[in-house]
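The numbers here are math on the coordinates, done by the rules we state, and not lab data. Because the structure is a prediction, the values reported are computed rather than measured. For neighbour counting, all protein chains shown are included, and Cβ atoms are generated from backbone atoms with ideal geometry for every residue, glycine included.
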Amino acid sequence: MAETGLSLTARDRALFERDLSGWLPERLFDAHVHLFDRSTFPAGFAFPPRECYQRFGGESTHELFADAMAALLPGRTLGRLAFGTPHRQADRDAAARYTGATSDNRSTFGMTLVAPSDSPEVLERRIRECRLIGFKPYRSYVTGMDPEAVRVPDMLPAAQMELADALGLAITLHIPKEARLADPDNQRDLLALCRRWPRAQIILAHIGRAYWFSNVVGQLDALADCPNLWLDTAMVNHAEVLQYALEHFPRERILFGSDAPIAWLRGKSVEINDQYAYLMGEPYAIGSAIYDAEHVVQFTFFYYEMLCALRQACDRAGLSRAEVEALFWDNAHGLCRGIARRLHGA
Ligand SMILES: [Zn+2]
């Protein structure tokens, strides 16, 4: 495998064989994947040296996904919902073209990145021409405001939501604000969004970014009543957070997601004093990272840590085998396939 590929240690393989291989379903649908190639960025663009995409040669391609998944999940059938990386310099048209070209609308699906300044006409054209099923906004696309003051409606203007409602599109939403899922404005804004545009399907990325336990407790009850709200589990390494979600939110609207390729780095997200940090086995800058420069421990991939945490959560919450299989495939695949069929006759 190329140097940007993944190589597994004996310890990684032993973990997979012992804890995951016999438990994981045969099919895994990853509802949160960042895929893009260099055509998405201006000529001469380079990520900073410690940006995680540098680990993979400055891009995250369809081919890398296939190689990484073959290494991490030998013998499994993979599906995915992918989008570019929401970088200010990314060309959103080019990113939509790449995502569309690497999606078949059968087991692989794509979204376009969107900024509040994108007109609904531009958005609809990208979705139809590239045969995508929705869009992904991001806080950094909101300009002219203090980033901490940004609220959900600033990221998703009404004109874009009207389009999402009219076409029944999916939106993967990385919510703003320091208090994340527990922020009262976010709670209000999410309920209002789901009620005002009931045919738009809102996927709350990373369980609303609740990477520590107190951030999720009591915060899913109102949201659970919105039939068009979904959760993805991307980068949640915390078994209690996952268990809580499985016990307080309709299981058929919880989607396995990874945040690949970030999840292919070695590390683990841990709760510390009502916060969280990414303990890193590789020196990449991903948010609140603490790098183990002394190599005190041997890390495995975030991806495996997530799967192990999910297994514990599913066991403790008493999921049936059918519910586990739905979490890893049917929930997300059914959502994406339904939209693709309606929109593109695919
Ligand atoms: Zn992501």
| note | When the chain is treated as a Gaussian network with springs between alpha carbons less than 10 Å apart, the largest mean-square fluctuation among THR85, THR61, THR77 is found at THR77
| Considering the chain as a Gaussian network with a 10 Å cut-off on Cα pairs, which listed residue, GLY134, GLY84, GLY57, attains the greatest mean-square fluctuation? | GLY57
| Taking 0.36 nm per residue of separation and subtracting the Cα-Cα distance, what length does fully extending ALA43 through VAL217 add? | 58.1 nm
| request: Round to the nearest 0.05 the FRET efficiency obtained for VAL122 and THR9 when R0 = 35 Å and r is the Cβ-Cβ distance. | output: 0.15
| said: Need the C-alpha centroid separation for the stretch 232-295 versus the stretch 202-223, integer Å. | reply: 13 Å
| task | Report, in deg cm²/dmol and to the nearest 500, the calculated mean residue ellipticity at 222 nm for the chain, where each DSSP H run with n ≥ 4 adds -39500 (n - 2.57) and the sum is divided by the residue count. | result | -9500 deg cm²/dmol
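For ARG50 and VAL297 in the same chain, what is the full-extension length gain: residue separation times 0.36 nm, less their Cα-Cα distance, in nm?
Length gained, ARG50 through VAL297: 86.8 nm.
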| query | Given the Cα-Cα distance of ILE272 and THR77 and 0.36 nm per residue of separation, how much length would full extension add, in nm? | reply | 66.6 nm
| request: Kindly state, to the nearest 0.05, the FRET efficiency for GLU26 paired with ALA346, given R0 = 35 Å and r defined as their beta-carbon distance. | output: 0.90
| Pairs of Cα atoms farther than 16 Å apart, the stretch 306-346, % | 48 percent
| request: Enter the Cα centre distance for the pair the stretch 61-109 and the stretch 323-346, rounded to the nearest angstrom. | output: 16 Å
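Just want the ordering: MET111, MET155, MET145, from fewest to most Cβ atoms lying within 10 Å of their own Cβ.
MET145, MET155, MET111
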| note | Packing-ranked peptide list from 6-15, 239-248, highest mean Cβ count within 10 angstrom first, is 239-248, 6-15
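Restricting to Cα pairs below 8 Å that are 6+ residues apart, what does the relative contact order work out to for the stretch 243-316? Please round to a whole percent.
32 percent
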| note | Given 37 °C, 0.692 mPa s and a Kirkwood radius over Cα pairs, the Stokes-Einstein diffusion coefficient of the stretch 1-130 in µm²/s is 202 µm²/s
| field | Compactness relative to 2.2 N^0.38 Å, alpha carbon Rg of the chain | value | 0.92
| message | Test of the criteria: in the stretch 284-346, which GluC sites (Glu not before Pro) are in a DSSP loop and have at most 14 other Cβ atoms within 10 angstrom of their Cβ? | response | GLU294
| task | Kindly work out what percent of the DSSP beta bridges joining two residues of the chain are antiparallel, to the nearest 5. | result | 25 percent
